[in-house]
Amino acid sequence: MPRIRVGVLDSGVGGLTVVRSLIQRRAPFEILYFGDNANMPYGNRTSGEIVGLAKRMLDFLAARGIQAAAVACNTIAPIVDRLEPAFPFPILDIVKPAAEQLARRGEPEIGLFATEFTVYSGMHAWIAHAINPDLTIHGVSSRHLAALIDASPWDEAAIRAEINSMVDAMRVHRAVRTILLGCTHYPIVQDMFEEAAPEMEFLDPADLQADALLSLFEGNEGLAADGTDDDGPVLDIFTTGNPAVFQPVLERLGIGAPRSLQIVPRS
Ligand code: DGL
């Protein structure tokens, strides 16, 4: 049974958290992963820059015949509607399912850790409020954390210091007990968030996007009733940056060696 070719894209290594979820689900996909590591962090950029960079990634993946794309990057999510008309396949953003889940949790106040662009877009709030107008989402942004995680080697002390300062800023909102990790880089260091704030519950939206991607192909011939296939996915990685940043993150996430890891020229 040939696997379904899908694209997963992010500014860097963060989207591998969604790849991990797809592997755990044994999704019958040939995953073409694009990490634009040379141009990250996207979260400190303008919307015009993000549109141009994300379009370039999607053009690259479209030329390789993907049937759907999972934008595994919260920072790109607010501009996905500007990209959709240019492509003949579905493009999934990671914010929508996460925001809907927040709205349904029934907690009056929830925290959001994300990049500056994501927090200031207000996208989580406007989606959640359509379902639950009483929910308050408190956003705390970082200009540095994603880039610290997308580096090789890691400066772990700097990562922990940044996490501590984000947690301190969130603790001002005393009612918050749950924090969405609204940047796909952050769940890579979820253990460090949990050590910094053991009283908080941290949510990783990767499973929600993996399920949304699988559900696009529900009922396809050859897929089991749960949408999976015993062979599981294969993974080809394309990066505009330093390929050395991938190995430690793949290991940390328990993802085996990819079939290939290729460098593509940066724009
Ligand atoms: N991983 C990306 C996200 O989910 C952002 C990292 C960046 O700023 O480039 O928002």
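From ILE137, ILE159, ILE127, which residue is in contact with a Lys or Arg (Cβ under 9 Å, 6 or more places away or on another chain), among the hydrophobic types (A, V, I, L, M, F, W, C) and either closer than 17 Å to PHE202 by Cα or within 16 Å of the ligand (Cβ to nearest atom) (or both)?
ILE127
Using the structure shown, decide if GLY241 is open to solvent by less than 10 Å² (accessible area, probe 1.4 Å), under 30 Å from ILE4 (Cβ atoms) and not aliphatic (A, V, I, L, M).
no
Quick check, is MET166 of a type outside the set (Val, Ile, Thr) and in contact with a Phe, Trp or Tyr (Cβ under 8 Å, 6 or more places away or on another chain)?
yes
Every residue in region 122-138 that is crowded, with 18+ Cβ neighbours inside 10 Å and assigned to a helix (DSSP H, G or I), please.
Within region 122-138, MET123, HIS124, ALA125, ILE127, ALA128 qualify.
Is region 69-79 home to any residue that is more than 15 Å from the chain's Cα centre (by Cα) and either open to solvent by less than 10 Å² (accessible area, probe 1.4 Å) or touching a residue at least 24 places away in the same chain (Cβ under 8 Å) (or both)?
Checked region 69-79: no residue is more than 15 Å from the chain's Cα centre (by Cα) and either open to solvent by less than 10 Å² (accessible area, probe 1.4 Å) or touching a residue at least 24 places away in the same chain (Cβ under 8 Å) (or both).
Does region 189-203 contain at least one residue that is open to solvent by less than 60 Å² (accessible area, probe 1.4 Å), of a type outside the set (Gly, Ala, Ser), free of Cβ contacts under 8 Å to residues at least 12 places away in the same chain and more than 25 Å from LEU92 (Cα to Cα)?
Yes; the residues of region 189-203 include at least one that is open to solvent by less than 60 Å² (accessible area, probe 1.4 Å), of a type outside the set (Gly, Ala, Ser), free of Cβ contacts under 8 Å to residues at least 12 places away in the same chain and more than 25 Å from LEU92 (Cα to Cα).
Of all residues in region 25-57 being polar (S, T, N, Q) and in contact (Cβ under 8 Å) with a residue 40 or more places away in the chain, which is farthest from the ligand (Cβ to nearest atom)?
Looking at the filtered set, the residue picked out is SER47.
The values are calculated or read from the model by the stated rules, or taken from the named source; none is laboratory data. These numbers were taken from a predicted model, which means no experiment stands behind them. Cβ: placed from backbone, ideal geometry, glycine included. Neighbour counts: every protein chain shown. The protein model used for the area step is the full one, side chains on, heavy atoms only, and it has no ligands, DNA or RNA in it. Shrake-Rupley method; radii C 1.70, N 1.55, O 1.52, S 1.80 Å.
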